[in-house]
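I have placed the structure first, in the form of structure tokens, so that the comments after it can refer back to it.
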Amino acid sequence: MSDSGFSLFQPKGAGDADRSVLTPPSAPAQAEPTSAASPSAAPLVPPSAPPLFPPAHAAPGGAPPVARQVDSPKALDAPAPQVSAPQAPPPATPPISMGPAAVTAPQVAPTPVQTSVSPSAPPPAAAAATTAGAAAPAQQAPTVRPHLGSTTAAPPAPSIVAMPPQRRDDDDDAPHRAPVAEASPAHHPGRRSAATPADGDLLWALHQVVREGASDLHLAVDAAPRIRLHGSLRDLATAVPWTAEKMRSALHSIMSEAQRDIFEKVLELDFAFTLTEVSRFRVNVYQQRGKMGAAFRLIPTEIKSLHELGVPDAVSRFSTLPRGLVLVTGPTGSGKSTTLAALIDLVNRTRADHIVTVEDPIEFMHSNRKSLVNQREVGADTHSFQAALKHVLRQDPDVILIGELRDLETISTALTAAETGHLVFATLHTQSAGQTVDRVIDVFPPHQQGQVRAQLAATLQGVVCQTLVPRASGAGRAVATEILVATPAIANLIREGKTFQIPSALQSGGEIGMHTMDQHLADLVNHGVITHAAAIEKAQDLESLKQLIHRGDSMAGAGQGGGY
């Protein structure tokens, strides 16, 4: 002890390394309650004041702090008693003596004492957090849960929980981290996950359609899913029958709330569903015997050319027309939408036009190439074909695609658009050129049919009737067509109502690309593309087909490829 009678004592407790107390030699030592102030704010005590001792370590579990009592001045020179604590305290610091000048010196903020921490001792940050926890109100620590599948109980929650860094695309060690396992519908058809909200069994069935090269998927209650492959239905391997609840759950998983409401009201629904970047489906949901059912039609995202599809060369010339009406017809599943998509794609690549499509639903997606393409879907982008076509003429279109001519108003608008200088493409469910002309005219009431005949004779530029026939090799189907090209003779037959003479005009118009369905079927048989039996099933006039096959005539420019 120095001559001044004062000594500066630095206690040994952890977290109290920065505290200093001045005590007079003659004053009896007393225990003072621990202050809740910051550990770094150590007051300077005058010589007449009783000694003030810093708080000791807080006992575990939030017990009150323990005060150390000094009975005599000699106790200041003795080593401080060891206080039990959860962690090892930092090394002791010997007492420091100060003169009287230290009492009147200005107060300086204490500098933290640098201490070395042994491997068994907690880091300084943890010790500081422990000391601060004794003075500040306790805060609830976040819950730490064990890993899934672990049998070990969760460890006690620390006062500070270090969160793992989030993965970034530019992290160098990102490829070395374990990926998060997600359910794959292809491998786990019965499992659903947040990443794949659609029903797993449904996704698996749709993937099978793509893998098998099928065209359709059919779903019915109490039956296993079936696919249409090369025109024939067959069960999916390993598939099991679906219950009514399973059907409802699976179909609802790919429908929006609005679509569910529409189906509940009208019991019919058409929409498009995208499976992957290379697979889209046109979906029709219906109800039969009080239970839901559905049909999925595969729509390839890659648009093939007319040549790749095997369509005759004469069809490609329709894409160069400045105006008029071109109809692509055929039964359901005959590839009408695929042929129309190829025609629109040809226009898109070769002409700087504005193309507007109205479809239900949108099937093939067209990107802007040389032309500007706007595609509108009934239900999502417009309320009906009639509403869209009513305003389409104000959108400055050059080419208009109408998904289907369903009623009088749609057909009337299509004729008006073609008459006012636009090129209009549309579809109908007819199987011959003559039947197509009659279908358009018969929609109108009798007192308007004469006017419609004259209007159709002036605007109709071409008709492509088509059907798909299984190939003789068994690999896919070939397209057979009947093509009408507008000529003064054809226009006169339409105007006079002599549609029964159209087949004769088609047979004699081979030089400009016209032919009948039987002519194309016979040509495919003579080239070995399809079998004789397959041609007979699709023939319009059986006797005419037999004669054409026997003669072995070959059509110039007839397509024999096929990518349907």
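List of remarks:
- Quarter of the Cα convex hull surface for region 306-551, i.e. its orientation-mean projected area (nm²): 13.2 nm²
- Taking label points 7 Å from Cα along the Cα-to-Cβ direction, residue 489 and residue 533 give a separation of 3.8 nm.
- Computed E for residue 448/residue 332 - FRET, C-beta separation, R0 45 angstrom, nearest 0.05: 0.95
- Cross-link pairs exceeding 19 Å in C-alpha to C-alpha distance, out of 336/390; 304/336; 336/538; 498/546, comprise 336/390; 498/546.
- In this rough spin-label picture, where each label sits 7 Å from Cα along the Cβ direction, the residue 350-residue 387 distance is 3.6 nm.
- Taking other C-beta atoms within 10 Å as the exposure proxy, 411, 441, 400 rank 441, 411, 400 from fewest upward.
- With neighbours defined as other Cβ atoms within 10 Å of a residue's Cβ, the residues 527, 207 order from fewest to most as 527, 207.
- Label-reachable residues, region 269-290, where backbone N falls under 15 Å from a point 7 Å from residue 222's Cα toward its Cβ: 288-290
- Relative packing of peptides 390-397, 466-473 - highest average C-beta neighbours within 10 Å first: 466-473, 390-397
- Distance between modelled label sites at residue 541 and residue 409, nm, 7 Å Cα→Cβ extension: 4.0 nm
- R0 of 51 Å, Cβ-Cβ distance residue 368-residue 512: FRET efficiency to nearest 0.05: 0.95
Since every read-out is calculated from the coordinates, none of them should be taken as a lab result. Source: prediction; values computed, not measured. Glycine also receives a Cβ, built like all others from the backbone with ideal geometry; neighbour counts cover every protein chain displayed.
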